[in-house]
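First up is the structure itself, then whatever we jot down about it.
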Amino acid sequence: MRRWVPAIAALVVVADAVLLATGVIGRAAALALFLAVEVPLAAVVVAEYVRRYRHARRAAPTRRAALSALAADDPYLRLASTEARTLASLARWVARRPDVPAGATAIGYARGTLGVPAALSVAAAIEVVAVHLLVPWPVTRIVLDVLGLYGLVVILGMLAGRVVRPHLLTGDTLVLRNGPHVCARVPLDAVAAVRRDRRLSPTAAEFVEDPGPGGAGAAPVLALAGPDGTGLTLDLDRPVPATAPTFPWRRPNPRDVREVRLHVDDPGTAARALTQAPDLGRPTRPV
């Protein structure tokens, strides 16, 4: 039932807005309908989330950990969390404050990947202007303008996420990211080799089934690719849990990988930074 209450609340809001915009009901009736339905539903939702947060807080060491555990089990919170991180990425981009902690080395992966988001941003901006000029009904026009502008902001936030949230090389861990999504935390002592390895597919972040030597067995490979594939491969000497980006309301499906393929801005520089890391499992030279 807790999964359906937010959906019912959203459906009532949409129906209320449509009835008001089409003149079926007046403003007083629309407000009365909203208050009669939304207030009790909101109270139920808030009470349920508070109960679940308290339960998670008892088992979590910090409030942030409790909120993360709560979001991991709820599609609406996962969606809200993704939206919040997307907007935060745009704010960081505007403020020129990349999400790189002190002491960490950033490994960028945005070069060559921004063409499609940029084109979508231009198309969304044109659509907002066209809708505003062509729709004759004032209330409908305002609603569509707001939705269009928010969609444009989200697209810009997705574009910004690839710029301000690079991969991170810390003292003993390589944090692999795809925008706001953390795909894996690879201990450096698990990296057996770093190779310059040009592959033209896939062209999106996903798991790849590699048949392995002789075609026996399928070993999942995490490929964080760009439009032209990947250029750097990490061989791991033990399995590392990883997730691939998916729809924000879906729960990530962790899989153990023993190979990671990356698209990075400068494969040579990234390979040297990794091979010179003091905690690397086995010192190797990039090829």
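The values are calculated or read from the model by the stated rules, or taken from the named source; none is laboratory data. What you see is a predicted model, and the numbers here were worked out from it, not measured in a lab. Here Cβ is always computed from backbone atoms with ideal geometry, including for glycine, and neighbour counts include all displayed protein chains.
Here are a few things to note about the model shown:
Yes or no, residue by residue, for (1) at positive phi; (2) modelled with pLDDT of 90 or more; (3) among the basic types (Lys, Arg):
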residue	(1), (2), (3)
Thr170	no, no, no
Leu174	no, yes, no
Arg185	no, yes, yes
Ala190	no, yes, no
Ala204	no, no, no
Glu209	no, no, no
Gly212	yes, no, no
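- Test: Ala225 is surrounded by 21 or more Cβ atoms within 10 Å (Cβ to Cβ) and farther than 22 Å from Ala104 by Cβ: yes
- Pick from the stretch 79-120, criterion without any contact (Cβ under 8 Å) to a residue 12 or more places away in the chain and under 23 Å from Thr269 (Cβ atoms), ranking: surrounded by the fewest Cβ atoms within 10 Å (Cβ to Cβ): Ala102
- Checked against the criterion of being outside the structural domain of His181 (by TED's automatic domain parsing), closer than 30 Å to Gly229 by Cβ and either among the hydroxyl-bearing types (Ser, Thr, Tyr) or out of contact with any Ser or Thr (no Cβ under 9 Å at 6 or more places or on another chain) (or both), the candidates Ala80, Ala160, Ala88 yield just one match: Ala88.
- Scanning the stretch 216-249 for residues that are within 17 Å of His167 (Cβ to Cβ) and among the hydroxyl-bearing types (Ser, Thr, Tyr) turns up Thr230, Thr233, Thr243.
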